[in-house]
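Peer 1: Structure below; questions to follow.
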Amino acid sequence: MTDKTTAAAAPKKLSLKAKYAQLTRGLGWETTYQPPDKVFPQTHFEGIKIHDWEKWEDPFRLTMDAYWKYQAEKEKKLYAIIDAFQQNNGHLNVSDGRYVNTVKLFLTGISPEEYSAHRMFAMLGRNFAGVGPQIAAQMQSIDELRHAQTQIHTISQYNKYFNGMHDFRHMHDRVWYLSVPKSYFEDAMTAGPFEGIVAISFSFEYVLTNLIFMPFMSAAAYNGDMATVTFGFSAQSDESRHMTLGIECIKFLLEQDPGNVPIIQRWIDKWFWRGYRLLTLVSMMMDFMVPKKVMSWKEAWDMYFVQNGGALFRDLERYGLRMPKYWEQTVVAADRLSCEAWNTFYNYAAAANFNPWCPTAEDMDWMSQKYPGTFDKYYRPRFEHYRELEKQGKRFYNTTLPMLCQTCQIPLVFSEPDDPTQTCYRESDYNGMKYHFCSDGCKDIFDHEPEKYVQAWLPVHQIYQGNCFKPGTDPTAKDFNPLAAVLEYYNFGPGDNMDYAGSPDETNWLKWKGLAKSGPLKMAS
Amino acid sequence: MSVEIKTAAIDPVRQTFSHVARRLGADKPASRYQEATFDLQSDCNFHYRPLWDPEHELYDKRRTAIRMNDWYAFKDPRQFYYGTYVLNRAKLQDTAENNFDFVERHGALASLPKGLARRIKAILLPLRHVEYGANLNNCYISAYGWGTAITAATTFAMMDRLGIAQYLSRIGLLIDGNTGESLAVAKDSWMNDPVWQPLRKLVEDNFVIKDWFELFVAQNLVLDGMLYPLVYGRFGGELSQAGGSVVAMLTEFMDTWYAEEVKWVDAFVKTAAAESQENKAQLSAWAREAAARTRDALAPLAKLIYLEEARAVLDDAGAQLQARLVKAGLTV
């Protein structure tokens, strides 16, 4: 070998892309001392065929030095604003105290899943056999950790002044409706790596991010929540990288082998429906929980799924993909989804970790305008009835636990696709047991993998089986109150649940804003 | 005279999250590290068994033989959460960037004695593959470990190792004028040269360790604990003496990084060993076994670098590791 210490007179200038390619050149492990199947044991069992991992390039092409630099710049700005927010009681600038319930939903329902995503992408980063997807997944893993941690730091200030989120992780593992996002993510993580990435990177991030993450951030912007919206802006460039991974992974898998197409299509059908059901929570947030509305659920669904998603799937037709199964049902139900959801949370105000309310006259007028075909006909009378009962001091609570869907874990509260006045029930038999579903989509998912979904930790079943009480609780005691015992298991304190009207949050809000007759702000230097 | 700004003070309802307060023993202000770390991982009521490991829950403490009463007993002495991590690394990166710039601007590598440049190519460049192996191993721990205290720290380590692999690549590009030829040669040597085969086998053997804490010991404690003193410490010193202080500039990131790694890795091992006799015995057995394997795997590399002094140098690296193990409470 000649000893060339001097390079050719002027070294080649490298573009960022070329630099990335050189820096990661040949890093992929082609093992010879240990069999590849032992080093990467998860790449075959799902039936996906990969002929050339090299074709899956890391779409981010960020070298670590650049990553540290850019992310540190973003972090400096973000924490400067969080600090300012805290120093200046920024939580007092939101549109109304009711808004904070959106933040509670976000911190208990979404932030823990950012951590789940961190773990899932670590699994993918280790299990994919090519260097491109490994690095891409690893970068997403650390980004998701970022999102979990910065969300906690952002919302920490709200936790100091408002109830319902003080034990967000404990609640996340226990509270009935939080099993909806929890089971969704665990479903993806317990699947194989290819299904996992199709579920989260494509079906969730690429197809639905504008309907999950962005509505919360837009709501924050519209409602004066400086902290959360700053986080949102700061995460935007991460999110677009993650979306890119979603579309690249789909194209790679489809191009590798024609046998992959039907498998991917089935995953897209499943994860579209799973994701859509999860969005039920977002629909009610958009239509009912946000004091200053951004757009209606129906408008968002039409724009982001029907139009943008439709264009996407037309583009993917050349690979042999079609629109996800049952998508038409989501369009029909767009007029009803949020009302069915908010009604449920109004019914079960005792058991959720935020403070719901009966829509005000102004809220209802907005709904009438956004949902001219359905709101006045089906839902306004119900809410007006609730309001009448409230006036009479007979606020309606549903004290019977609902039947949950075995797949999505939402109570069976949705209506038949062709009849808004009938509740939709489906069922399947498996090993001598009956299982119940909210929809055709959820039943199909179960029927394909019953051995998986029979394992679901269904909160209502668990309560009835006595698994949702603190150790030491005696259900045979004379004065045993099962609801109180469950709330204790959730670690709910005063003000975590029940109506916004009369809640400690409302009382404090009015006091802090100087709107209450007593208790003006004290001035201190 | 002091300037006073009047602000409205309102009393918070609470100081921190309940799960954090339970760990602090009272509701009192918590640090950002604590709020970003404690109990962030789900720990009960899992829904489905993984298709890829039906014997275990999604997260399962039984994926390691180490037993802890509290997996958040592990405290990162650096108190890294994402924000503090990237800010710290951006600073190190800034220094590294200036160093690489300096070397490039002055064509400093061109003025190296010829034998030295050859040694850099032969010794440093293939190590990028070891670094990428370390990246995958830390990725494994982030995937299957228990608790955020562990997975956050190993995630930062995972990205660090990719970063170091890339810095090593940049040294190659400085030498070959951005053609990548030196990296191709290094890869070929890594795959085929007998000097590297025992080390390559060692990394591959580590890839198939199932117990993530054992892997932590084998990679972060033992392999790094011998390789870094052997290569970056001593060889770096030797290079400087031979007129290669320029190389020390290019590996400054690795030196700073390793000094920091030792602190948190030792703290974690010490915490696990202090928990019980069983942990201590298990960790000691793993460390002994890994140290023996690792020493054998590094022997040809030591010989390549240090010739007849190789044994003494390896002994020294081994002694440094031994001292750390003893300090962490292991029996060796």
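Derivation of every value follows stated rules applied to the coordinates shown; laboratory data play no part. Small disclaimer: the values here were computed from a predicted structure and weren't measured. Positions of Cβ are generated from backbone atoms using ideal geometry, with glycine treated the same way; all protein chains shown enter the neighbour counts.
Peer 1: Enumerate the helices in chain A for which the Kyte-Doolittle hydropathy averages 0.5 or more and the C-alpha atoms extend at least 18 Å along the helix's axis, using complete DSSP H runs.
Peer 2: For chain A, where a helix must reach 18 Å along its axis and average at least 0.5, the hits are A:207-222.
Peer 1: For the stretch A:343-395 and the stretch A:14-91, compute the distance between their C-alpha centroids and round to whole Å.
Peer 2: The two parts, judged by their Cα centres, are 46 Å apart.
Peer 1: Additional query: Choose one answer from B:Ala108, B:Ala165, B:Ala317: the residue with the largest mean-square fluctuation in a GNM of chain B with alpha-carbon springs under 10 Å.
Peer 2: B:Ala108
Peer 1: Could you work out how far apart the two model spin labels at A:Ala311 and A:Glu328 are, taking each label as a point 7 Å from the Cα in the direction of the beta carbon, and quote it in nm?
Peer 2: 2.4 nm
Peer 1: Can you check how the C-alpha radius of gyration of the stretch B:79-327 compares to 2.2 N^0.38 Å, as a plain ratio? Walk me through the numbers before you get to the answer.
Peer 2: Values: Rg = 17.9 Å, N = 249, 2.2 N^0.38 = 17.9 Å.
That ratio works out to 1.00.
Peer 1: Let me ask something additional. Greater than 26 Å separation of Cα atoms is the criterion. Which listed pairs, B:Lys61/B:Lys270; A:Lys19/B:Lys303; A:Lys74/A:Lys298; A:Lys55/B:Lys187, meet it? Before the final figure, lay out the partial values.
Peer 2: Working: B:Lys61/B:Lys270 19 Å; A:Lys19/B:Lys303 33 Å; A:Lys74/A:Lys298 34 Å; A:Lys55/B:Lys187 20 Å.
Pairs exceeding the cut-off: A:Lys19/B:Lys303; A:Lys74/A:Lys298.
Peer 1: Roughly what would the spin-label model give for A:Asn93 and B:Arg105, points 7 Å off Cα along C-beta, in nm?
Peer 2: Calculated label separation equals 4.2 nm.
Peer 1: What shape does the stretch A:350-495 take by its C-alpha gyration tensor, where a ≥ b ≥ c are the square roots of the eigenvalues and a/c under 1.5 counts as rounded, a/b above b/c as prolate, and the rest as oblate?
Peer 2: oblate
Peer 1: Based solely on its DSSP helices, what 222 nm [θ] is calculated for chain A when runs of n ≥ 4 H residues each add -39,500 (n - 2.57) and the sum is averaged over all residues, nearest 500 deg cm²/dmol?
Peer 2: Per the formula, -16000 deg cm²/dmol.
Peer 1: Which of the aspartates and glutamates could be linked to A:Lys511 by a straight reach, that is with a Cα gap under 17 Å, when you skip same-chain ones fewer than 8 residues away?
Peer 2: Output for A:Lys511: A:Asp96, B:Asp11.
Peer 1: Just tell me the longest site-free run in chain B, where the sites are GluC sites (Glu not before Pro) in a DSSP loop having at most 16 other beta-carbon atoms within 10 Å.
Peer 2: B:56-332
Peer 1: Cross-link partners among lysines for A:Lys293, C-alpha distance below 20 Å, same-chain residues fewer than 8 apart left out?
Peer 2: Correct list for A:Lys293: A:Lys104, A:Lys370.
Peer 1: Sticking with this one: Specify the inter-centroid distance of the stretch B:12-62 and the stretch A:212-240, based on alpha-carbon positions, in whole Å.
Peer 2: Distance between centres, Cα-based: 25 Å.
Peer 1: Please arrange B:Ser276, B:Ser2, A:Ser116 by counting, for each residue, the other beta carbons lying within 10 Å of its beta carbon, fewest first.
Peer 2: Ordered from fewest to most neighbouring Cβ atoms within 10 Å, B:Ser276, B:Ser2, A:Ser116 come out as B:Ser2, B:Ser276, A:Ser116.
Peer 1: Taking beta carbons within 10 Å but only from partner chains, what does the mean come to for residues A:170-177?
Peer 2: Taking all residues of A:170-177 together, the mean is 3.
Peer 1: Suppose R0 equals 51 Å; then what is the FRET efficiency for B:Glu181 and A:Ala501 from their Cβ-Cβ distance, rounded to the nearest 0.05?
Peer 2: 0.10
Peer 1: Students often forget the sequence filter, so: which aspartates and glutamates lie under 20 Å Cα-Cα from B:Lys210 once same-chain residues fewer than 8 apart are removed?
Peer 2: A:Glu30, A:Asp37, B:Asp53, B:Glu55, B:Glu57, B:Asp60, B:Glu131, B:Asp224, B:Glu278, B:Glu289
Peer 1: Which longest uninterrupted range of chain A lacks any trypsin sites (Lys or Arg not before Pro) assigned by DSSP to a loop state (not H, G, I, E or B) and surrounded by at most 11 other Cβ atoms within 10 Å?
Peer 2: On the way: sites that count: A:Lys13, A:Lys394, A:Lys478, A:Lys517.
My reading of the result: A:14-393 is the longest stretch.
Peer 1: First measure r as the distance between the Cβ atoms of A:Glu384 and B:Val13, then evaluate 1/(1 + (r/R0)^6) with R0 = 35 Å and state the FRET efficiency to the nearest 0.05.
Peer 2: It comes out at approximately 0.55.
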